[in-house]
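Working notes, structure below.
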Amino acid sequence: MDLQNEEMSRRLREMCDGSVEAFDSFYGYYSPFVMQVAVRLLGERMEAEDVCHEVFLEVLRRGSQYDAGRGSLKAWLAVMTRSRCLDRLRRNRRMQYLDAEELEQASASQEEVVISRLEREALRSAVYRLPDTQKKAILGSYYSSRTQQQMSEAWNVPIGTVKSWVRYGIANLRKQMEKQGWVNTAERGRRHE
């Protein structure tokens, strides 16, 4: 390990123990690098600043998990930054899709538009409350358009396991939506199939 990485690893441990000085030093040293990576991936400075903020919050939460034997702090931060940027790009892409969908509904009554929006927000919230395996399978199936076979191979699990995750995830979503008062949601979905 190089001396700079060793010194910053020590600062990381200190800041995880609550040292404000260590955080200031760590942030001052690595924030230009994280910003550079984020701006390059996102192409927008304000978005990159948000990602930079998220990365350093995550560093504070997960800093004790850093293992110098697996790579440098710069590499660890670069992977974390890339991951946050990709999450943000996916989220923005979904939001653009939803905006296009709302434009199509412009001819619908304002009440229908509001109800539809509330229903989508409830569904989105329900998806993010699913257990991780079910959430991963649902998002993979419906948002990234991956086949269950592709997910099985990518996650190195049997296809039956992926099918179970999707099936249980859909059942769990249906229950959550009904608890929130969206009783007819499941019926409308079946009528449109």
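The values are calculated or read from the model by the stated rules, or taken from the named source; none is laboratory data. Bear in mind that the values here come from a model prediction, so they are computed numbers and not experimental data. In this analysis, Cβ positions are derived from the backbone assuming ideal geometry, glycine residues included, and neighbour counts consider all displayed protein chains. Quick note on the areas: whole protein, heavy atoms, side chains included, nothing else; ligands and nucleic acids left out. Shrake-Rupley method; radii C 1.70, N 1.55, O 1.52, S 1.80 Å.
Data overview
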| quantity | calculated |
| --- | --- |
| Charge context of VAL37, other residues only, Cβ under 11 angstrom, K/R +1, D/E -1 | +4 |
| Segment 29-73, accessible area per residue, ligands and nucleic acids excluded (1.4 Å, Å²) | 60 Å² |
| Packing rank of 14-23, 63-72, where each peptide gets the mean count of other beta carbons within 10 Å, highest leading | 14-23, 63-72 |
